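The values are calculated or read from the model by the stated rules, or taken from the named source; none is laboratory data. Computed from a predicted model, the values in this text were never measured in an experiment. Every residue, glycine as well, gets a Cβ built from its backbone with ideal geometry; the counts of neighbours run over all protein chains shown. Please note that ligands, DNA and RNA were not included when accessible areas were found on the heavy atoms of the full protein model with its side chains. Shrake-Rupley method; radii C 1.70, N 1.55, O 1.52, S 1.80 Å.
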Amino acid sequence: MKEIITLTGMILVSSPLKEYDKRIEILTRERGRIPAFAQGARKQGSTISACTVPFTFGQYQLYEGRNSYSLKSGVIENYFGNLADDYTLLCYASYFTEIARYLTREGARADGELLLLYITFRAMQAGKVPVKLIRRIFELRFMAIQGEAPGIFSCVRCGSSEAFDVYMPEGGLVCDGCVKKDQHFKGHYPLRLSHDARYTLQYIISSQFNRLYTFQVSDGVMEEINNFMQKYLARYLPHHFKSEEFL
């Protein structure tokens, strides 16, 4: 008899399969992103139908196969399906899960990624932080979890904390002194970060998870962060996300 394993996770995507089944992908804490088949999930009265809906978080009992998993049962701990009632929130939630699908993999623990996705959905439900700011927080912190955070705490060359320009080819801040010493910087257009914008980016990267969605920024800082993230992601996450087209 196959052994049953219990994993904590969230449904990223669910699609119909055959007449009564579903294929799902779950972002799990213990084993990263895994595919699973939910036999009979589309049958009327199915006991596993509810826990296969996208954005559902809970405990999942599965049989492990050679190339995939089979869902036996699930216990729902939080259901974010109501995000689908608001078209804008649905588009953002789909974008966040698409990023999670792209950047996570099977077999690698995803403690931070799962927690970030969970608290991000909680923040969207609460409605206290503008969703455009939630987007940038999610993107930057997810990249930081993946080890791709930009160097914005000090100059990436000399370590000076008086760096306010960002030269993307360098992966972070470069101070004026280092710029003057290296002529090749003349060919790169820098992004100028105000103190508030720089502090906000630092806070997103370094703060505790439970403090991530507890602040707002001025329109000017939001514009700076948007400009920074657009250029940063274009260089370090050069992937076309279909759901981004609707944001």
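Rounded to the nearest 500, the 222 nm mean residue ellipticity of the chain from helices alone is -11000 deg cm²/dmol, with -39,500 (n - 2.57) taken per DSSP H run of at least 4 residues. Rg/Rh for segment 101-163 stands at 1.08; both radii use Cα atoms, and Rh follows the Kirkwood definition. For segment 33-97, the share of DSSP beta bridges that are antiparallel, to the nearest 5, is 80%. The long axis of helix 195-206 is offset from the longest Cα principal axis of the chain by roughly 40 degrees. Over all directions, the projected convex hull of the C-alpha atoms in segment 117-247 averages 8.5 nm² in area. Judged by the gyration tensor of its Cα atoms, with axes a ≥ b ≥ c, segment 1-148 is oblate; a/c meets the 1.5 cut and b/c is at least as large as a/b.
Here's the picture: charge each Lys and Arg Cβ at +1 and each Asp and Glu Cβ at -1 in segment 1-95, and of LEU90, SER70, MET10 the one pushed furthest to the positive end of that dipole is SER70. Evaluated with a Cβ-only charge set (Lys, Arg +1; Asp, Glu -1), segment 105-247 carries a dipole of roughly 100 debye about its Cα centre, given to the nearest 20.
Under a model in which nothing but the beta-carbon of Lys, Arg (+1) and Asp, Glu (-1) is charged, segment 98-188 shows a dipole of about 260 debye around its Cα centre. Pairs from the list LYS43/LYS72; LYS18/LYS43; LYS180/LYS231; LYS128/LYS231; LYS22/LYS43; LYS2/LYS22 with a Cα-Cα gap above 18 Å: LYS180/LYS231; LYS128/LYS231; LYS2/LYS22. Can you tell me the accessible area per residue over the chain, all protein chains present, probe 1.4 angstrom, in square angstrom? That works out to 52 Å² per residue. Note on the chain: with charges restricted to the Cβ of Lys and Arg (+1) and Asp and Glu (-1), its dipole about the Cα centre is near 460 debye. DSSP beta bridges confined to the chain are antiparallel in about 90 percent of cases.
Rounded to the nearest 10 degrees, the inclination of helix 219-236 to the longest alpha-carbon principal axis of the chain is 70 degrees. Angle of helix 111-126 to the longest C-alpha principal axis of the chain, folded into 0 to 90 degrees and rounded to 10: 90°. Values [x] 52, 45, 34; [y] 68, 37, 30; [z] 56, 37, 30 are given for comparison; Cα extents along the principal axes in Å, derived from the coordinates here, is the one labelled [y].
Look at where the Cα atoms of segment 116-173 and of segment 1-47 average out, and the two centres are 32 Å apart. Note on segment 67-184: Cα Rg divided by 2.2 N^0.38 Å, N the number of residues, gives 1.42.
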